[in-house]
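Asker: Quick one: structure below, then a few questions.
The values are calculated or read from the model by the stated rules, or taken from the named source; none is laboratory data. All figures in this text were calculated on a predicted structure; none of them were measured in a lab. Quick reminder, even Gly has a Cβ in these numbers, built from the backbone with ideal geometry, and neighbours come from all protein chains shown. Heavy atoms of the whole protein, side chains included, go into the accessibility calculation; ligands, DNA and RNA do not. Shrake-Rupley method; radii C 1.70, N 1.55, O 1.52, S 1.80 Å.
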Amino acid sequence: MIHGRRPQLSPIAHLGDATLRFVGDTGAMFLFLLESTARIFSSLGQFQKTVRQIYFIGVKSLSVITLIGLFTGMVIGLQMHYALAKFGAEGFLGAAVALSLVRELGPVLTAIMITGRAGSSMTAEIGVMRISEQVDALRVMDINPVGYLVSPKLAASILCFPILTAFFDLVGMAGGYLTGVLLLGGNSGVYFYRIQAYMKLSDVTGGFYKSLVFAIVVCTVCCFMGYYTHTRRDAVGPEAVSQATTAGVVTSCILILLSDYIMTSLLF
């Protein structure tokens, strides 16, 4: 008996298949976001679950945000001081550090750090519940899984990301002060005066707008990857959870940088 070979797809067919999957996943993710947003206020019990997620996403991320923000500010202060010294403009160090943090580095690095710490946990938690059929059990008990598992995380992310971003910015400015003023001998009064003189309200609100978009992106992507772990083609069972967690973190980081570029071009 002669067994026929499976036909090989051409590169164009592979590209078309990948494009269709991308469009389908994007549409499914958007509908997933709409449903989770609509169910944030579905019941009074959502408030207690949201508070627990605020503690998990926000409070437990403070140590990481503090450490990264401090060293980021110190590095920016060091690099900016040497760069500005070449033009005799060391007095603008405070403005350079503050604007770099508030406009770009604060929202982006905060979102990436939360993705690595909390976003990966979201994907793994929901993914384990999916492969162990706990999500199906929620449906049997007439509990909507998206409203029960995802909506509190989304609400907590929207609240926590801007607050953690503001905290990152403040700690980063303190780090720039340590390097530029205390270690390199800059003028303390000039440092804070330049921050006050050159930072505008639009800079601060632009950073907060970015953090809100990043919150929605990270929570939606990570929860979506975990919720549909059982549909993955590359693995099943526990391996699928690990693959979904990796995909959730990597995809979130890529979308953070992509949306940052788009928002920067629109806001500034």
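Asker: What does the net charge come to around Asn187 if you take all other residues with beta carbon closer than 13 Å to its beta carbon, with K and R at +1 and D and E at -1? Could the numbers behind the result be given before it?
Answerer: Details: positive: Arg194; negative: Glu90.
Counting the neighbours of Asn187, the net charge comes to 0.
Asker: Sticking with this one: Applying 1/(1 + (r/R0)^6) with R0 = 35 Å to the Cβ-Cβ distance of Asp136 and Thr205, what FRET efficiency is obtained, to the nearest 0.05? Please report the intermediate quantities before stating the final value.
Answerer: On the way: r = 43 Å, r/R0 = 1.24.
Efficiency for this residue pair is about 0.20.
Asker: Okay, moving on. What is the spin-label model distance, in nm, from Val236 to Tyr261 if the labels are put 7 Å beyond Cα along the C-beta direction?
Answerer: Each label point is offset 7 Å from its Cα along the Cβ direction, giving 3.9 nm.
Asker: What are the ³J(HN,Hα) values, in whole Hz, obtained from phi via the Karplus relation 6.51 cos²θ - 1.76 cosθ + 1.60 with θ = phi - 60°, for each residue of the range 119-126 in sequence order, with x given for Gly and Pro?
Answerer: In residue order, the calculated couplings are x, 5, 5, 4, 5, 5, 5, 5 Hz.
Asker: I'd like to check one number: the per residue accessible area of the chain, probe 1.4 Å, reported in Å² as a whole number.
Answerer: On the way: 14630 Å² over 268 residues.
Result: 55 Å² of accessible area for each residue.
Asker: Now, a different point. For n ≥ 4 DSSP H runs only, could you compute -39500 (n - 2.57) per run for the chain, divide by its residues and tell me the 222 nm figure to the nearest 500?
Answerer: Working: 11 runs with 196 residues, N = 268.
-24500 deg cm²/dmol, from helical runs alone.
Asker: Looking at the chain, what % of the alpha carbon pairs are farther apart than 23 Å?
Answerer: Numbers: 21135 of 35778 pairs.
Tail of P(r) above 23 Å: 59 percent of Cα pairs.
Asker: What do you get for trypsin sites (Lys or Arg not before Pro) in the range 83-125 restricted to DSSP loop and a cutoff of at most 16 other Cβ within 10 Å of the site's Cβ? Mind dumping the intermediate values first?
Answerer: Numbers: sites: Lys86, Arg103, Arg117; in loops: Lys86.
Hits after loop and neighbour filter: Lys86.
Asker: Taking 0.36 nm per residue of separation and subtracting the Cα-Cα distance, what length does fully extending Ile163 through Ala85 add?
Answerer: Numbers: separation 78, 0.36 × 78 = 28.08 nm, distance 3.35 nm.
Contour length minus the Cα-Cα distance gives 24.7 nm.
Asker: Something else now. Using θ = phi - 60° and the Karplus curve 6.51 cos²θ - 1.76 cosθ + 1.60, what whole-Hz ³J(HN,Hα) does each residue of the range 174-189 get, with Gly and Pro shown as x?
Answerer: 5, x, x, 5, 4, 6, x, 9, 6, 8, 9, x, x, 8, 5, x
Asker: Nearest 20 debye, what's the magnitude of the dipole of the chain about its Cα centre given +1 on Lys and Arg Cβ and -1 on Asp and Glu Cβ?
Answerer: Numbers: 18 positive and 14 negative charges, 12 e Å.
Charge dipole of the chain: 60 debye, to the nearest 20.
Asker: Here's a follow-up. For a quick check: with amide H placed at 1.01 Å from N, whose amide H comes under 5 Å from Gly186's, ignoring anything fewer than 5 positions away on the same chain?
Answerer: Answer set, sorted by chain and number: Val181.
Asker: Another question, if that's okay. Between the DSSP loop rule and a limit of at most 12 other Cβ atoms within 10 Å, which trypsin sites (Lys or Arg not before Pro) in the range 161-268 are left?
Answerer: Filter output for the range 161-268: Lys200, Arg233.
Asker: Tell me, in nm to one decimal, what length is gained between Ile254 and Phe41 on full extension, where the rule is 0.36 nm per residue of separation less the Cα-Cα distance? Present the calculation step by step, with values, prior to reporting the outcome.
Answerer: Working: separation 213, 0.36 × 213 = 76.68 nm, distance 3.01 nm.
Full extension of this stretch gives 73.7 nm more.
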